[in-house]
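What follows draws every value from the coordinates through simple rules; no lab data is involved. Keep in mind that what you see is a predicted model, and the values were worked out from it rather than measured. All Cβ positions, glycine included, derive from the backbone under ideal geometry; neighbour counts span all protein chains shown.
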Amino acid sequence: MPKHDGTGKRSTRPEPALREVLRVPGGDRVDLTAYDPSAIPAGPADKAAGLAATAALAPRLADLQERLYASSTAGDRRRVLLVLQGMDTSGKGGTVKHVIGQLNPSGCRIHAFKKPTREERSHPFLWRIMKALPGPGEIGIFDRSHYEDVLIARVRELVPRAQLDRRYEQINRFEASLAEEGVTVVKVFLHLSYEEQRERLLERLDNPEKHWKFNPGDIEERALWPAYREAYETALERCNSDEAPWYRVPANRKWYRNWAISKLLLEHLQALDPRYPPGDYDVDACRRRLLAT
């Protein structure tokens, strides 16, 4: 949509792609306090427009998802991996429900990473991640991910600092190898404010139907907010490559979060431009045979 250019006239310059607007700049120090979690950096200006815009994206997303899956039947090994990271209540589960819920579930592979099991702890930290990767033609969604091993592990000092430092490089090499194998990695940091998290936790306490979502430990974790913010800043700085860049999505407004992630997925799928494979048979001959039955 054209915008005013500051002179009172309507500008006809095309808006930049959302992935350019939301991408975390590479090479710079990341300071999350400099960004407003309630901001609307691009796109719909209010909730009503945002809901309508998100609904309008659904058919286009579904079409591209189907084409991606169809192309895999002809040997195309490309796939998409959406990584969702953020503080508790930032909307990882909500994104899966409202964004991924628009897609065909048979073409999605959703994995929510919890505390590692005893077996998982007996392997290198990327072992359980590799087992959950999407196959060719699929869209994979990680609710939390390998980044927990440089986030909570850093805040809670679960591993020595030297080992933690090595993990950033291991992650970079791992994500580079995914790109080489045809995986488009879309890493999203859901940027939530301290105040908004309090409101969302209070909503869970005030609604008996949401008590199952509340964990008393969440209150203790809030005391570690500055440490978690620093851990995220470090991860966004040290693991932000061209092959797997980070996108910072303001998450205080749920409707904006859903639109932004839908739009990011759409832009990446459009860039892949998957095509339906041609039939490896004589279409006309098969049609004549079918009509004769």
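Here region 123-274 has an Rg and Dmax of 17.1, 48 Å, counting Cα atoms alone.
Relative to the longest principal axis of the Cα atoms of the chain, the long axis of helix 194-206 lies at roughly 80 degrees. Normalising the average separation of contacting C-alpha pairs (under 8 angstrom, six or more residues apart) by the number of residues puts the relative contact order of the chain at 32 percent.
Report the chymotrypsin sites (Phe, Trp or Tyr not before Pro) located in region 231-293 that are in a DSSP loop and have at most 15 other Cβ atoms inside 10 Å of their Cβ, or state none. Can you show the working numbers first?
Values: sites: Tyr232, Trp246, Tyr247, Trp255, Tyr256, Trp259, Tyr281; in loops: Tyr281.
Passing both the DSSP loop test and the Cβ count: Tyr281.
Springs join every pair of Cα atoms under 10 Å in this Gaussian network model of the chain, and among Ala49, Ala58, Ala162 the largest mean-square fluctuation is at Ala162. Counted by Cβ distance under 12 Å from Gly26, the other residues give a net charge of -1, where Lys and Arg count +1 and Asp and Glu count -1. The label-point distance for Asn172 and Tyr35, in a model that sets each label 7 Å from Cα toward Cβ, rounds to 2.0 nm.
Could you give the Stokes-Einstein D for the chain in µm² per second, using the C-alpha Kirkwood radius, 20 °C, 1.002 mPa s? Before the final figure, lay out each step's value.
Numbers: Rh = 20.9 Å.
Answer, rounded: 102 µm²/s.
Once the piece of chain linking Asp282 and Ile219 is laid out straight, how much longer is it, given 0.36 nm per residue of separation minus the C-alpha distance between them? Stretched out fully, the Asp282 to Ile219 stretch lengthens by 16.2 nm.
You can think of it this way: the chain between Arg156 and Glu267 has 36.3 nm of extra reach, that is 0.36 nm per residue less the Cα-Cα gap.
Each part reduced to its alpha carbon centroid, region 20-75 and region 99-157 end up 20 Å apart.
Helical content alone sets the calculated 222 nm signal of the chain at -14000 deg cm²/dmol, taking -39,500 (n - 2.57) per DSSP H segment of four or more residues and averaging over every residue. Take the Cα of Asp63, step 7 Å toward its Cβ, do the same at Leu126, and the gap between the two points is 3.7 nm. For region 144-198, the Stokes-Einstein estimate of translational diffusion at 20 °C and a viscosity of 1.002 mPa s comes to 163 µm²/s, using the Kirkwood hydrodynamic radius over alpha-carbon pairs. Placing one equal scatterer on every Cα of region 47-131 and applying the Debye formula, the log10 ratio I(q)/I(0) at q = 0.17, 0.23, 0.27 Å⁻¹ is -0.92, -1.21, -1.33. Ignoring the sites themselves, the chain has its longest run without trypsin sites (Lys or Arg not before Pro) in a DSSP loop having at most 14 other Cβ atoms within 10 Å at 157-274. Computed from the C-alpha gyration tensor, the three semi-axes of the ellipsoid equivalent to region 224-293 are 49, 16, 9 Å, from longest to shortest.
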